[in-house]
Amino acid sequence: MDASDQKRLLREMLFARRFEERCAEAYHERQIGGFLHLYPGEEACAIGVLEMARPGSDYVVTGYRDHIHALKSGMDPKALMAELFGKETGCSKGRGGSMHLFDPDVHFMGGYALVGGPFPLAAGFAKAIQMRGGDEIAICFLGDGANNQGTFHETMNMASLWKLPVLFVCENNLYGIGTAIERATVEINQYKRVAPYKIAAAQCDGQDIDVVMQHAEAAVRHVREKREPYFLELMTYRLRGHSMSDSGAYRRKEEVDEWAQRDPIGIYKARLQGQGLISDAEFQAMDKAIQQEIEEEIVRFAVESPEPRLEDVARYVYVEGGCAPWQK
Amino acid sequence: MAEMMYWQAILRAHDEEMARDPLVFAMGEDIGVAGGTYKATSGLFAKYGDQRVIDTPISENSYTGIGVGAAMLGCRPIVEIMSVNFSWLAMDQLMNNAAKIHFMSGGRIRCPFVMRVPGGTAHQLGAQHSARMEKVFMGISGLRVVTPATPRDACGLLKSAVRCDDPVVIIEHESMYNLKGEVPDAEFFTPLEGVEIRRPGKDVTLFAYNISVHWALEAAERLAKDFGIDAEVVDLRALKPMDRAGIAASARKTHRAVVVEEDEAPVGVGSEVIAILNEECFFDLDAAPLRVHALDIPIPYNRRLEKAAIPNAAQVVDAVRKLLGK
């Protein structure tokens, strides 16, 4: 990876951070409604893993904390922000919202609200890939909390049994909403939970993007070449509450502070500075340019975009002009 | 026109669609090597192989989800749930994903997913194998729900469902797999929308679906023979979306209506049809519509109690006589 790629990755993580922070502001201003689950602290996970995959070609699915997975898959940030603002120009035409981003053009197959729901969907994408032929893979990002759902065990079993090319990425942020992992789960090392299903697995630091990429490269190669599942557990932490309505009061301040020292952006910035690749001034300029882009292009686009038309309220329940062979 | 059984008609639809499109595949418990609990997929495993005729583990929710995911990428899965009772376990994937993905994505993703479920009561299968869940499926926005009453419809509806770009639930009937009927030799499709008039009549309309169509037809014969009442039998067939115009058209003609359903009454086909009659053609009715339905109890094991819980043709005859004062 050359210096320009490293700087690009730093910029992508910083962009993700600023994007999410701007979302929080818009939420407080009531421009964004519903539930809003933000990604600060976990940026190295989605960005690091997908850097090693083929965004736009591989099929990506995740839960409700989905903004950054969508962006890294190639979604236009303007379409993302417009969706959060409920606008017709949003990636889901204002019908989905934060938890239901979709962009099939770049193979981002959605954010889903039901915890554990995407496991079988990802296996289904892999099944379709298997039937069509081709070397794409499916990548499913979910949190540690999802692994206590039946769909986790059912899907691991079938994915392994049928050799489906799917990479399961567990973003282990140590809490299922407000319940600490050790209070909900017997085996807290999530990668060990797929051993009975004979799925290759690894666990690594999710805060250092170089470590994430190193493990993700092996994981992606395993799935792409062996055409079978792999489970990668990334140890991470959210710097904010579960959602905007969660203060995170169930976590000790010392714990939060400790993880804040391991901010993925801070780690990577320090590394690049150590290598003489970026100065403080350059970083500040990068940050400023990002915030300017978000404000002047992305938020502005969302604000100025039209709402969906009321007369279209019942559209998209069924496929319009869909196949009706009995009418032929 | 060949006569064949309901299960053979379903098998034929599978075979025709799988032969035509390599992205059509079937999955479910025991459907492959074992050939299916009701033989509806027998022989397909040998013909199409284990990648397209998939014996699943007993994991209804997740194999349903795998079907949904595959459908989102353009495959056309036919997922069989061994008994409609087990589809409760698959409800998350069906209801939260299959039914809503097209809408939630602003129309950008399609989900051409088919779920086949044997429904209804059979012979002393007990409360957990006798569910009638049409009221559940027909209450979910985004799904299509159809109910074949004949071998012809069992074939034609499955073929239409496979080609349809929306998720479709087909509620078959546990007691009807050996029902015989005529099925056209040439390829054909049965509409996923609209009612079918099974027997024209002028005095009263019997609205029915799936097995209750047969109770209604039997009742209509007895009403004609014994009481000189000419009943029209309308097979609702599509429970979602329901054909409001077709329902109203028949009621406007006969001015009287009885809904016959195998399900228990609170919340369901009967209440929905009567609501449609109220909304569409209240002033065309000469009498308040009635419904014949199962008792609001879990289905008992004991043979006599089971029969007492489920409606039959005699109850339909009684309801019509009450309605007409004859």
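Residues that are within 13 Å of chain A (Cβ to nearest Cβ) and of a type in the set (A, V, I, L, M) within region B:115-142 comprise just one, B:Ile140.
For region A:269-282, residues that are touching a residue at least 24 places away in the same chain (Cβ under 8 Å) and in a helix (DSSP H, G or I) total 3. Checking the structure you have, find out if any residue of region A:121-128 is modelled with pLDDT of 95 or more and more than 9 Å from every other protein chain (Cβ to nearest Cβ). Checked region A:121-128: no residue is modelled with pLDDT of 95 or more and more than 9 Å from every other protein chain (Cβ to nearest Cβ).
Residue pairs whose Cβ atoms lie under 7 Å apart, sitting 6 or more positions apart in sequence or on different chains, and linking a residue in region B:180-194 that is more than 9 Å from A:Trp326 (Cβ to Cβ) to a partner that is surrounded by 19 or more Cβ atoms within 10 Å (Cβ to Cβ) and among the polar types (S, T, N, Q), are B:Gly181/B:Thr150.
Consider region A:95-113 and keep the residues that are facing chain B (nearest Cβ under 7 Å) and either in a helix (DSSP H, G or I) or more than 15 Å from the chain's Cα centre (by Cα) (or both). The one that is farthest from A:Thr155 (Cα to Cα) is A:Arg95. Taken over region B:286-314, the residue count meeting the criterion of being in contact with a strand residue (DSSP E or B) (Cβ under 7 Å, 6 or more places away or on another chain) and either surrounded by 13 or more Cβ atoms within 10 Å (Cβ to Cβ) or polar (S, T, N, Q) (or both) is 10. Residues in region A:114-157 that are polar (S, T, N, Q) and part of a helix (DSSP H, G or I) were compared, and the one that is surrounded by the most Cβ atoms within 10 Å (Cβ to Cβ) is A:Thr155. Within region B:57-80, the residues that satisfy the criterion of being buried (at least 24 other Cβ atoms within 10 Å of the Cβ), of a type in the set (Ser, Thr, Tyr) and within 7 Å of chain A (Cβ to nearest Cβ) are B:Ser62, B:Tyr63.
Which one is nearest to the other protein chains (Cβ to nearest Cβ), of the residues in region A:158-182 that are in a helix (DSSP H, G or I) and surrounded by 24 or more Cβ atoms within 10 Å (Cβ to Cβ)?
A:Met158
In region A:63-70, is there at least one residue being outside any loop (DSSP other than H, G, I, E, B) and surrounded by fewer than 24 Cβ atoms within 10 Å (Cβ to Cβ)? Within region A:63-70, not a single residue is outside any loop (DSSP other than H, G, I, E, B) and surrounded by fewer than 24 Cβ atoms within 10 Å (Cβ to Cβ).
Look through region A:83-94, keep the residues that are more than 15 Å from A:Ile68 (Cα to Cα), crowded, with 24+ Cβ neighbours inside 10 Å and not hydroxyl-bearing (Ser, Thr, Tyr), and return whichever of them is nearest to the other protein chains (Cβ to nearest Cβ). Checked region A:83-94; the qualifying residue nearest to the other protein chains (Cβ to nearest Cβ) is A:Lys93. Within region A:138-150, is even one residue at the interface with chain B (Cβ under 7 Å from one of its Cβ atoms) and within 24 Å of B:Leu23 (Cβ to Cβ)? There is no residue in region A:138-150 that is at the interface with chain B (Cβ under 7 Å from one of its Cβ atoms) and within 24 Å of B:Leu23 (Cβ to Cβ). Somewhere in region B:162-176, is a residue assigned by TED's automatic domain parsing to the domain that holds B:Phe25 and in a helix (DSSP H, G or I)? Yes, that holds for at least one residue. When each of A:Arg271, A:Arg251, A:Arg227 is tested for being of a type in the set (D, E, K, R), surrounded by fewer than 18 Cβ atoms within 10 Å (Cβ to Cβ) and under 30 Å from A:Gly134 (Cβ atoms), the lone residue that passes is A:Arg227.
Select from region B:93-117 the residues that are touching a helix residue (DSSP H, G or I) at 6+ places or on another chain (Cβ under 8 Å), of a type in the set (S, T, N, Q) and either assigned to a helix (DSSP H, G or I) or under 13 Å from B:Gly69 (Cα atoms) (or both) and list them in ascending order. Within region B:93-117, B:Gln93, B:Asn97 meet the criteria. What about B:Phe113, is it surrounded by 24 or more Cβ atoms within 10 Å (Cβ to Cβ), closer than 21 Å to B:Leu23 by Cα, assigned by TED's automatic domain parsing to the domain that holds B:Met82 and not small (Gly, Ala, Ser)? Yes. Filter region B:145-174 down to residues that are acidic (Asp, Glu) and more than 9 Å from chain A (Cβ to nearest Cβ) and give me whichever is farthest from B:Ser130 (Cα to Cα). Out of the qualifying residues, it is B:Asp153. Among all residues of region B:214-223, there is at least one that is within 30 Å of B:Glu16 (Cα to Cα) and in the same structural domain as B:Gln315 (by TED's automatic domain parsing).
The number of residues in region B:29-52 that are touching a Lys or Arg at 6+ places or on another chain (Cβ under 8 Å) and within 14 Å of chain A (Cβ to nearest Cβ) comes to 0. Applying the set (1) free of Cβ contacts under 8 Å to residues at least 40 places away in the same chain; (2) within 14 Å of chain B (Cβ to nearest Cβ); (3) small (Gly, Ala, Ser) to A:Ser305 leaves exactly one unmet item: (1).
The values are calculated or read from the model by the stated rules, or taken from the named source; none is laboratory data. Computed from a predicted model, the values in this text were never measured in an experiment. We place every Cβ from the backbone using ideal geometry, glycine too, and count neighbours over all the protein chains shown.
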